[in-house]
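The next block holds one structure in the form of structure tokens; read it before the comments.
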Amino acid sequence: MRIAIASDHAAVALKATLVAWLRDAGHDVADLGPHDTASVDYPDYGYQLARAIAAGEAERGIALCGSGIGISIAVNREPACRCALVGEPLSAGLAREHNDANVLAMGARLTGEGMAIACLRAFLDTPFAGGRHQHRVDKLSAREPV
């Protein structure tokens, strides 16, 4: 799977761990940065990730910052993105199953490496259920509220 990942300075270490795990699992990973812990603005990286998803450069995305909140807000400004902020695997799986989430957000200051990997695994392994959920997802992806 083609996966884009971006963070802010607070989540560089977690991002590196997840990039290595994803590559070991055979995924094609685009690390959009940053690559060091110098202070950056999370919206810049969230928007870059959102553009990659919207352009079809990646099938799924991973957005990380200190809490996961700010970067998830930035990503969700792009209607092509359905970014879910999670802290445990059940929510990650439900985000895929019910909401067809295509971007996973997590907080590096709140989610340990093992839990982040468990969330990522659930996010990647869970298919979208479609059916009764599809019309709701269509509304989420509309350019204008219906």
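The values are calculated or read from the model by the stated rules, or taken from the named source; none is laboratory data. None of the values given here were measured: they were computed from a predicted structure. In this analysis, Cβ positions are derived from the backbone assuming ideal geometry, glycine residues included, and neighbour counts consider all displayed protein chains. Keep in mind that these areas ignore ligands, DNA and RNA; they rest on the heavy atoms of the full protein, side chains included. Shrake-Rupley method; radii C 1.70, N 1.55, O 1.52, S 1.80 Å.
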Legend entry - Fraction of accessible area attributable to carbon and sulfur, the chain (%, probe 1.4 Å): 51 percent
Legend entry - Isotropically averaged projected area of the chain, using the convex hull of Cα atoms (one quarter of hull area), nm²: 7.8 nm²
Inset, instruction - Highest first, please rank the peptides 76-83, 121-128 by the mean number of other Cβ atoms sitting within 10 Å of their residues. - result: 76-83, 121-128
Inset, instruction - Quick one: dipole size for the chain, taken about the Cα centre, charges +1 on Lys/Arg Cβ and -1 on Asp/Glu Cβ, in debye to the nearest 20. - result: 380 debye
Legend entry - Net dipole in debye of the range 1-86 [+1 Lys, Arg Cβ; -1 Asp, Glu Cβ; about Cα centre; nearest 20]: 240 debye
Legend entry - Shape category assigned to the range 19-75 from the gyration tensor of Cα positions, a/c cut at 1.5: oblate
Legend entry - Accessible area expressed per residue, the range 26-146, with surrounding protein chains retained (probe 1.4 Å, Å²): 51 Å²
Inset, instruction - Go ahead and estimate [θ] at 222 nm for the chain from helices alone: -39,500 (n - 2.57) per DSSP H run with n ≥ 4, summed, over the residue count, rounded to 500. - result: -13500 deg cm²/dmol
Inset, instruction - Return one quarter of the surface area of the convex hull spanned by the alpha-carbon atoms of the range 50-108, equal to its mean projected area, in nm². - result: 3.6 nm²
Inset, instruction - Provide ASP8, ASP36, ASP31 ordered by accessible surface of protein heavy atoms (probe 1.4 Å), highest first. - result: ASP36, ASP31, ASP8
Inset, instruction - State the answer as a single residue: which of LEU90, ALA142, HIS35 lies farthest towards the positive end of the charge dipole of the chain, with beta carbon charges of +1 for Lys and Arg and -1 for Asp and Glu, about the Cα centre. - result: ALA142
Legend entry - Among ASN102, ILE71, ALA25 - extreme Cα towards positive end, dipole of the range 1-130, charges at beta-carbon: ASN102
Inset, instruction - Taking all protein chains together and a probe of 1.4 Å, list SER67, SER39 from the most accessible to the least accessible. - result: SER39, SER67
Inset, instruction - Treating only the Cβ atoms of Lys and Arg (+1) and Asp and Glu (-1) as charged, compute the dipole magnitude of the range 79-144 about its Cα centre; round to the nearest 20 debye. - result: 160 debye
